Amino acid sequence: MGNSGTSLSSPVPRHIAIIMDGNGRWAARRGLSPSAGHKAGVERIRDLLSACRSRGVEVLTLFAFSSENWQRPPKEVELLMTLFHSYLRKEARRMRDEGVRLRVVGRRDRFSPRLQRAIVEAEEITRGCTQGDLVIAADYGGRWDIAQAAKQLAEEVVNGQRSLDSIDEDAVESHIQLADLPSVDLLIRSSGEQRISNFILWQAAYSELFFTDTLWPDFDESALDEAIKAFQQRDRRFGGRAEGDGTAVQA
Ligand code: IPE
Ligand code: IPE
Ligand code: MG
């Protein structure tokens, strides 16, 4: 991975993940329904993706729908599914033209067959792209992710493909979603909430966290730059000690 904890330069995060929160409050402040907020929120994604690309960010992962969001009122869930479907139908070709590969992570079996098809098609359209990655986490939960990795490992043991002793952190990591991508450098949550809400748990072990009060439909390029700037001021040590930070002398 590019960023060493001791670097004095200002690296751009290779992988940014965002919990896109605050659509409901954005709408409520305008006397509108949550649906209006979700529609405005989706509109943010296109610009944000190109802003990330122009700043050299290689991967953008967006939390679009959590495994707990099924608890929302049925009408809201339906609207979110419709928006997701039309986003995939509308944006996949544009992404291909810009060289961005799309991936959807999460359970798929609870989506309608029509939405599942749209996901497969959108991924297929952008499959060969190499200029960047957009990952959409939908019906995703960090606990689900770890559990599905454990299940795959257990299956491999049962099938005789691996020994029990071979199960270590690297083995789990290899079955966790996003394992093939650069690790998440910067995790942003909009709307002022300061929690993970069952988003990437394993992958965020050493992510820098950035919380902003900005509501998701207001999250623009300047909000992105604010987060990147904060990231660049962090001292990432990964549990080590930076050379020449003065304390090593007394060690
Ligand atoms: C985030 O916005 C979008 C989803 C969870 C799908 P919210 O709908 O959670 O917005 P708030 O938190 O109610 O403002
Ligand atoms: C997290 O936001 C999920 C997404 C942004 C997709 P929520 O609004 O669902 O999270 P809580 O309920 O505030 O923890
Ligand atoms: Mg919310």
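A simple rule links phi to the HN-Hα coupling: the Karplus curve 6.51 cos²θ - 1.76 cosθ + 1.60 with θ = phi - 60°, which for the stretch 78-95 gives 4, 4, 4, 5, 5, 5, 4, 4, 6, 4, 4, 5, 7, 9, 4, 5, 4, 4 Hz, with x for Gly and Pro.
Based on alpha carbons, the Rg and Dmax found for the stretch 117-188 are 15.0, 41 Å.
Contact order, relative form, for the stretch 96-164: 41 percent (alpha carbon pairs under 8 Å, 6 or more residues apart, mean separation divided by residue count).
Rounded to the nearest whole Hz, the Karplus-based 3J(HN,Hα) values (6.51 cos²θ - 1.76 cosθ + 1.60, θ = phi - 60°) of the stretch 204-210 follow the sequence 8, 3, 10, 6, 7, 9, 9, with x at glycine and proline. Phi angles across the stretch 18-24 convert, under the Karplus curve 6.51 cos²θ - 1.76 cosθ + 1.60 with θ = phi - 60°, into 3J(HN,Hα) values of 10, 8, 7, 10, x, 4, x Hz, Gly and Pro given as x. Close amide H contacts of Met20 (hydrogens built in the peptide plane, cut-off under 5 Å, sequence separation of 5 or more or a different chain): Phe63. Every helix of 4 or more DSSP H residues in the chain counts as -39500 (n - 2.57), and over all residues that averages to -13000 deg cm²/dmol at 222 nm. For the stretch 59-161, the alpha-carbon coordinates run over 44, 38, 23 Å along the three principal axes, in decreasing order. Pairs of lysines in the chain whose Cα atoms sit within less than 30 Å of one another amount to 4, provided the residues are eight or more positions apart or on different chains.
Both radii come from the Cα set of the stretch 7-46: Rg as radius of gyration, Rh as Kirkwood radius; their ratio Rg/Rh reads 1.26.
Remark: the stretch 1-136 is approximated by an ellipsoid whose semi-axes, taken from the C-alpha gyration tensor as √(5λ), come to 27, 20, 14 Å, largest first. Over the stretch 22-91, the pair-distance histogram of Cα-Cα distances with 10 Å bins from zero comes to 18, 47, 29, 6 percent, rounded to whole numbers. Rg over Rh for the chain works out to 0.99, both radii taken from alpha-carbon positions and Rh defined as the Kirkwood radius.
Only the coordinates and a few stated rules stand behind these numbers; no lab work does. Everything numeric here is computed off the predicted structure, so don't read it as measured data.
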